[in-house]
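One structure below.
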Amino acid sequence: MTLTKKDIQNLGSLARIGISEEEAEKLTPEIDSILGYVGQIKDAVGDVEKRVSAHRNVMREDIPTNEPRQYTEDVMSNAPSREGDYLKVKKIL
């Protein structure tokens, strides 16, 4: 899509910016270039979306891989103070 000088002036009017004929002439190829670049980005993103399926679950099932309380004693042995199977800490309040 190629913008015309009139399109540029209409955009300027919508943005409440006065654009002269000379400015519109100068801005036309610049804005066309910018829009072309945005189109390339849009196409690249579209290609990525086609290759990567967001609907596929890539996470594994949440299945426990160890027995309950298998590592409790290992973890608790590193605690500075404990009471049974709980860590003992100072009162905060």
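Among the listed residues 63, 34, identify the single one that is modelled with pLDDT of 85 or more, out of contact with any helix residue (DSSP H, G or I) (no Cβ under 9 Å at 6 or more places or on another chain), of a type in the set (A, V, I, L, M, F, W, C) and loosely packed, with under 11 Cβ neighbours inside 10 Å. Steps first, answer last, please.
Values: 34 fails: loosely packed, with under 11 Cβ neighbours inside 10 Å.
None of the other options fit; the residue is 63.
For beta carbons closer than 6 Å, sequence separation of 6+ or different chains, a first residue in the range 46-75 that is at negative phi and a second that is modelled with pLDDT of 85 or more and hydrophobic (A, V, I, L, M, F, W, C), there are no qualifying pairs.
Cβ separations smaller than 9 Å between residues 6+ apart or across chains give no pair from the range 32-43 residues that are within 11 Å of residue 2 (Cα to Cα) to residues that are among the polar types (S, T, N, Q) and at pLDDT 90 or above.
When you look at residue 82, is it at positive phi and either at pLDDT 85 or above or surrounded by 10 or more Cβ atoms within 10 Å (Cβ to Cβ) (or both), yes or no? Step through it out loud before you land on a result.
Numbers: at positive phi: no; either at pLDDT 85 or above or surrounded by 10 or more Cβ atoms within 10 Å (Cβ to Cβ) (or both): yes.
No: the conditions fail for residue 82.
The values are calculated or read from the model by the stated rules, or taken from the named source; none is laboratory data. From a predicted model like this one, the values you see are computed outputs, not experimental measurements. With ideal geometry, Cβ positions are generated from the backbone for all residues, glycine too; neighbour counts draw on all protein chains shown.
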